[in-house]
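Working notes, structure below.
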Amino acid sequence: MLGATACSAPKPAASPSTTATADTLSGSITVFGAASLTKTFTKLAANFQKLHPGVTVATSFAGSADLVTQITAGAPADVFASADTKNMDKLTTASLVEGTPVDFATNVLEIAVPPSNPANITDFADLAKPGVKTVICAPAVPCGAATLTVETATGVKLSPVSEETAVTDVLGKVSSGQADAGLVYVTDVTGAGSSVKGIPFADSSKAVNTYPIAALKASKTPKVAQAFIDYVTGKVGQKVLADAGFGKP
């Protein structure tokens, strides 16, 4: 019996078709994302393309309000990821969204200052001190709306030297030394590394921004658009977002 066993023919190896299914997803999509998603979505788009070799993902980042204006005006986009529900609601009301938007992350504000913190900022109230050059987002931008919420909650009225249309512009003015402080998201501070210093403040919890994502009706590749959304909201996408400092939806 041992001889028979030793001389028996080996089992044939399973053919590739029985061990793996070829990826059939193909086409191109353009993803419009809030400025605060620049690093994470650039990474997710690259990983998604590696996972699906037949897919191309183009990305465009700006303030959520600006992106809504572009989409409403007919700019070609397949997926929209907003830094708040208010701007997503505008597209939903305009019947430009396919299906129901899905919340995929949350974010809170943090004070960003140059590494040396020249104005000695320690809390939100310090941003209103005379002589402090503070930069914030414009009210129409999600980070600007969050700033107004914190102002109302604390009773502290800011007098910014400028209001920017994207949170990345606020961060840029702080990191370049043009401002003593700026209100950005905690994820922006994390992503900026040593170029800025983050000052957390307790009242940031008064303004938690929820990020929704949705496919757009104008998409010519809806299957790819939905697959990307599933990737962002799935295990891998959520880990990338968590590593960047985003909270759970």
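The values are calculated or read from the model by the stated rules, or taken from the named source; none is laboratory data. Keep in mind that this is a model prediction, so the values were computed, not measured. Note that each Cβ is placed from the backbone with ideal geometry, even for glycine, and that neighbours are counted across all protein chains shown. In case anyone asks, the SASA skips ligands and DNA or RNA and just uses the protein heavy atoms, side chains included. Shrake-Rupley method; radii C 1.70, N 1.55, O 1.52, S 1.80 Å.
Along the charge dipole of the chain, Cβ charges K/R +1 and D/E -1, which of VAL102, GLN226, ALA145 sits furthest on the positive end?
Of the listed residues, the answer is GLN226.
Could you tell me the relative contact order of the chain? Use alpha-carbon pairs under 8 Å, at least six residues apart, and round to a whole percent. Working shown, then result.
Details: 472 pairs, mean separation 69.0, N = 249.
Contact order relative to length: 28 percent.
Tell me, what ³J(HN,Hα) does each residue in the range 49-56 have, in order and in whole Hz, if you take phi through Karplus 6.51 cos²θ - 1.76 cosθ + 1.60 with θ = phi - 60° and put x for Gly and Pro?
So the Karplus estimates, Gly and Pro as x, are 5, 5, 5, 10, x, x, 10, 10 Hz.
How high is the FRET efficiency from ALA125 to ALA58, r the C-beta distance, R0 45 Å, rounded to 0.05? Intermediate values should be presented prior to the final figure.
Working: r = 43 Å, r/R0 = 0.95.
So the FRET efficiency works out to roughly 0.60.
Alpha carbons only, please: Rg and Dmax for the range 74-142, in angstrom.
When restricted to Cα atoms, the range 74-142 yields Rg and Dmax of 17.8, 49 Å.
Leaving out ligands and nucleic acids, note down the accessible area per residue over the range 140-225 with a 1.4 angstrom probe, in whole Å². Numbers along the way, then the final one.
On the way: 3630 Å² over 86 residues.
Value returned for the range 140-225: 42 Å² of accessible area per residue.
Separation between the THR72 and SER194 pseudo-spin-labels, each 7 Å from Cα along Cα→Cβ, expressed in nm?
Taking the two extended label points, one gets 4.4 nm.
Would you calculate a helix-derived [θ] at 222 nm for the chain, using -39,500 (n - 2.57) for each DSSP H run of n ≥ 4 and dividing by the full residue count, to the nearest 500?
Values: 10 runs with 92 residues, N = 249.
Computed ellipticity for the chain at 222 nm equals -10500 deg cm²/dmol.
Give the value in nm², to one decimal: projected area of the alpha carbon convex hull of the range 46-189, averaged over all directions. It would help to have the intermediate numbers written out before the result.
Numbers: hull surface 42.1 nm².
So the Cα hull casts an average projection of 10.5 nm².
Ranked from highest to lowest mean number of other Cβ atoms within 10 Å per residue, what is the order of the peptides 30-41, 166-177? List each step's numbers first, then the result.
Values: 30-41: 25.1, 166-177: 21.7.
By packing density, highest mean first, the sequence is 30-41, 166-177.
For the range 129-194, place one equal point scatterer on every Cα, skip the solvent, and apply the Debye formula. What is log10 of I(q)/I(0) at q = 0.14 Å⁻¹?
-0.37
Restricting things to alpha carbons, tell me how big the range 172-249 is in terms of Rg and Dmax, in Å.
16.4, 46
Taking all protein chains in place and a 1.4 Å probe, what share, in percent, of the accessible surface of the range 93-249 do carbon and sulfur account for? Show your work: numbers first, answer last.
Details: 3800 of 7030 Å².
Roughly 54 percent, rounded to a whole number.
Could I get the Rg over Rh figure for the range 107-234? Both from C-alpha atoms, Rh via Kirkwood, rounded to two places. List each step's numbers first, then the result.
Values: Rg = 16.6 Å, Rh = 15.5 Å.
Result for the range 107-234 is an Rg/Rh of 1.07.
Please compute the alpha carbon radius of gyration of the chain, then divide it by the globular-protein estimate 2.2 N^0.38 Å. Two decimals is fine. Kindly include the intermediate steps, with their values, before the conclusion.
Numbers: Rg = 23.1 Å, N = 249, 2.2 N^0.38 = 17.9 Å.
My calculation over the Cα atoms of the chain gives 1.29.
I'd like to check one number: the per residue accessible area of the range 35-136, probe 1.4 Å, reported in Å² as a whole number. Could you put the intermediate results ahead of the total?
Values: 4460 Å² over 102 residues.
Value returned for the range 35-136: 44 Å² of accessible area per residue.
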